[in-house]
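What follows draws every value from the coordinates through simple rules; no lab data is involved. Everything quoted here is computed from the prediction, not taken from an experiment. So basically every Cβ, Gly included, is an ideal-geometry build from the backbone, and we count neighbours across all protein chains shown.
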Amino acid sequence: MTRGAGAGRDRARRPAGAPRPARARGPAARAAWGAALLAAALAFVVHLPSLANGYVRDDADLIERNRALREAPLVRLALADYWASRGGASGYWRPAPLLSFAAEARLGAGAAVRHAVNVVLHAVATAVLAALLVGAGLPFAAALAGAAWFAVMPAHAEAVAWLVGRTDLLCALGALAALALDARERAAGRRWPGPAPLAALALALLSKEAAAPLALVLAAAAWADGAGARDVARRASPYLLLTLAWLAAHRALAASGGSGPVYLDPARRDDWPWAAWTLVPAAAALLVPGVPIAPDQLPPLPRGPLDAAAVAGFAATAAAVAALAWLAARRSPALAPAALALAPLLPPVAAAALGAALPFGPRVVYLPSAGAAWLAALALARAEAAGARSRAAGRAAAAALVAASAAGSIALQPAWRDEERHWRAMVAAQPSNPAGWTGLADVRSQRGARAEAESLLARAESLAPALPAAALARAALHHRHGEWEPSAAAAERVLAWDPRHREARWLRGVARLRLRRLAEARADAETLLAGWPDDPRALGLLGQARLLGGDPAGARAALEAAARGAPDDPAVWFALGGARVLSGDPAGGALAFERVLAGDPRYYDGWLQLALARAEAGDAAGARAAVARAAALPEAADGRAAELARALAATRLPAGGASRTVRP
């Protein structure tokens, strides 16, 4: 009889806390390795298409464009908020995934290598789960089926295919390794946890807040295994102390997350606490094959405590907690997996209940789903022990579950290929989510489809009229088209929601600059720099405001710093060229303009300003060559290139020279 089916009778013959009788290690080890390798291979193959993915949403800002990952001291990265390296404040402290991104950046890894790391981490987590199930005494077929289901769950596509999903992968890997290592130590009769399971728990805690309740899961595993209350308390105490130390560090190092995410409707903020009760049943639904899954999916948002969704969610959550208590009273083998399925959901439930945030999405179920897979393996183990007919039926059901889940997971892979596919997948699966329409509108706006972008934004605003994300997208759309008054007005709406919003303040600052409201533009730049002293865009904004305000020396200081922080930003180099010329360094200005033109040789104003700079530096031949390049472009029809050519021929420069070089 398997341990899953007869563990209760085994414990009746064993004193509480005594080590389990040693099993034959050779067959068990071979079974563990076999299940681990097969399940890991399945995980790798199913998620292999994600290697073709690019950088989507947070991937681009936090990873692809984050110079701090390549240059900042690792200690500085490790001892700061998760988004501090990009000037953000998330309220999270997650040094383990951030340091892994930094290591890849310093090794020159591209998107494919980074995605391969995610796939490998998922495969390793799957292998550890398989070994944990075999170590728990489950038969090979049951352990393999449970791990195989975990390997291919459609809800895992987000965590694996999205680079920032690495927080979940590392957290689950650490959590499962801690459970497996702790179980091995208990089986060996060790009364205290050694360094290995503590290190695994530390990895989980340093990766994501879902690991906060894991000490309770480890205690539940010891209790279900027959340990007495005093033994459980002794064994759990190091895990609890480690968790308390992590909580203290998290509180000290994670910055305040501001007023909340821009993709949530502030008009519904009072309803967030009621949504807390929907998270557990919503998470469970994501594990059911065939249930539609959207990227970054939102849970149901009840309109008050008596809303049917809130009442049903509360009943489901209460039932789950009651079932956990019943399993604990019986010391059931299902206690540990049930605790693993429920406990990691407690942090997001608490955050929503307190009105601090509404964290959800398929990634949230990554670690809890390991508990669900363990429970499924226990059910199959009972079927294996119940006779040939039950065994065949159980294996057929398991095979169908794994096959259906694998098909669903493969179908979701393209949603993470690029930004547009991502947003289209979101609105297709969850059309009531205004964030999806807003994101798609922003992508279409970037690609020049203004009419379509306007229509998509109108759809988002019909769902959530006060949505800050929609206002931010409108500010960006007007910015791209040089419509400065409406851009500033839209950015104002975002800042009314969250005065610390970095992008909105920069957009408003640029709009004010172009409207020649220079004092206000400088104020926005200085506010940005007070929070993010090295922000190159804020430095660029400040430098251009100073340049227009007649302070070329002050402008140059800010723009030189901006150019060091954003060496590929042509707008910064263009303004810096003007600042250098006006501060008495025309040769340096010419170098700055040459850098702009190396990236865009068809930039008409760039050639004109280069000609002026070279002329002021005494390079008449270089100035004539630059004017000739400008004259060959279609924009030369405005006559400025011909006028400048005549002035150079007469050794006269137009009044103001290179002072007209501000272009945010």
Item to check | Given [x] 27.7; [y] 26.6; [z] 30.2, the label whose value is Kirkwood radius over Cα pairs in Å derived from this model | outcome: [x]
Item to check | Zone residues, the range 169-197, relative to Arg230, backbone N less than 18 Å from point 7 Å out along Cα-to-Cβ | outcome: 190-193
Checklist outcome for this item: The relative contact order of the range 529-664, taking Cα pairs under 8 Å that sit 6 or more residues apart, comes to a percentage of 21
Checklist entry - By average Cβ neighbour count within 10 Å, what is the ranking of 52-64, 275-287, 159-171 from highest down? => result 159-171, 275-287, 52-64
Next on the checklist: How tilted is helix 570-582 with respect to the longest principal axis of the chain? Cα atoms for both, answer in degrees (0 to 90, nearest 10).
Outcome noted: 40
Checklist outcome for this item: Extend 7 Å from the Cα of Arg646 along its Cα-to-C-beta direction; within the range 595-615, residues with backbone N under 13 Å of that point are none
Checklist entry - What percent do you get for the relative contact order of the chain when only Cα pairs under 8 Å and 6+ apart count? => result 12
Checklist outcome for this item: Taking Cα atoms, the helix 195-205 axis meets the longest principal axis of the chain at an angle in degrees (rounded to 10) of 50
Next on the checklist: Shape verdict for the range 529-664, please, from the Cα gyration tensor: rounded (a/c under 1.5), prolate (a/b greater than b/c) or oblate.
Outcome noted: prolate
Next on the checklist: Given the DSSP H assignment, sum -39500 (n - 2.57) over each helix run of at least 4 residues in the chain and divide by its residue total; what's the result at 222 nm in deg cm²/dmol, nearest 500?
Outcome noted: -21000 deg cm²/dmol
Item to check | Karplus-derived 3J(HN,Hα), 6.51/-1.76/1.60, for each residue of the range 367-378, Hz, glycine and proline x | outcome: 5, x, 5, 5, x, 5, 5, 5, 4, 5, 5, 4
Checklist entry - How do the peptides 467-479, 515-527 rank, highest first, by the average count of neighbouring beta carbon atoms within 10 Å per residue? => result 467-479, 515-527
Checklist entry - Using Cα atoms only, what is the angle between the long axis of helix 419-429 and the major principal axis of the chain, expressed in degrees (0 to 90) to the nearest 10? => result 50
Checklist entry - What whole number of Å gives the distance from the Cα centroid of the range 611-639 to the Cα centroid of the range 530-599? => result 21
Checklist outcome for this item: Once phi for every residue in the range 278-293 is put through the Karplus expression 6.51 cos²θ - 1.76 cosθ + 1.60 (θ = phi - 60°), the whole-Hz ³J(HN,Hα) values, with Gly and Pro written as x, are 8, 5, 5, x, 5, 5, 5, 5, 5, 8, 7, x, x, 6, x, 10
Checklist entry - Where does each of 243-252, 147-156, 133-142 land if you order them by average Cβ count within 10 Å, highest first? => result 147-156, 133-142, 243-252
Next on the checklist: What whole-number distance in Å separates the alpha-carbon centres of the range 147-162 and the range 312-337?
Outcome noted: 25
Checklist outcome for this item: In the neighbourhood of Gly194 defined by beta carbon distances under 13 Å, the net charge of the other residues (Lys, Arg +1; Asp, Glu -1) is +3
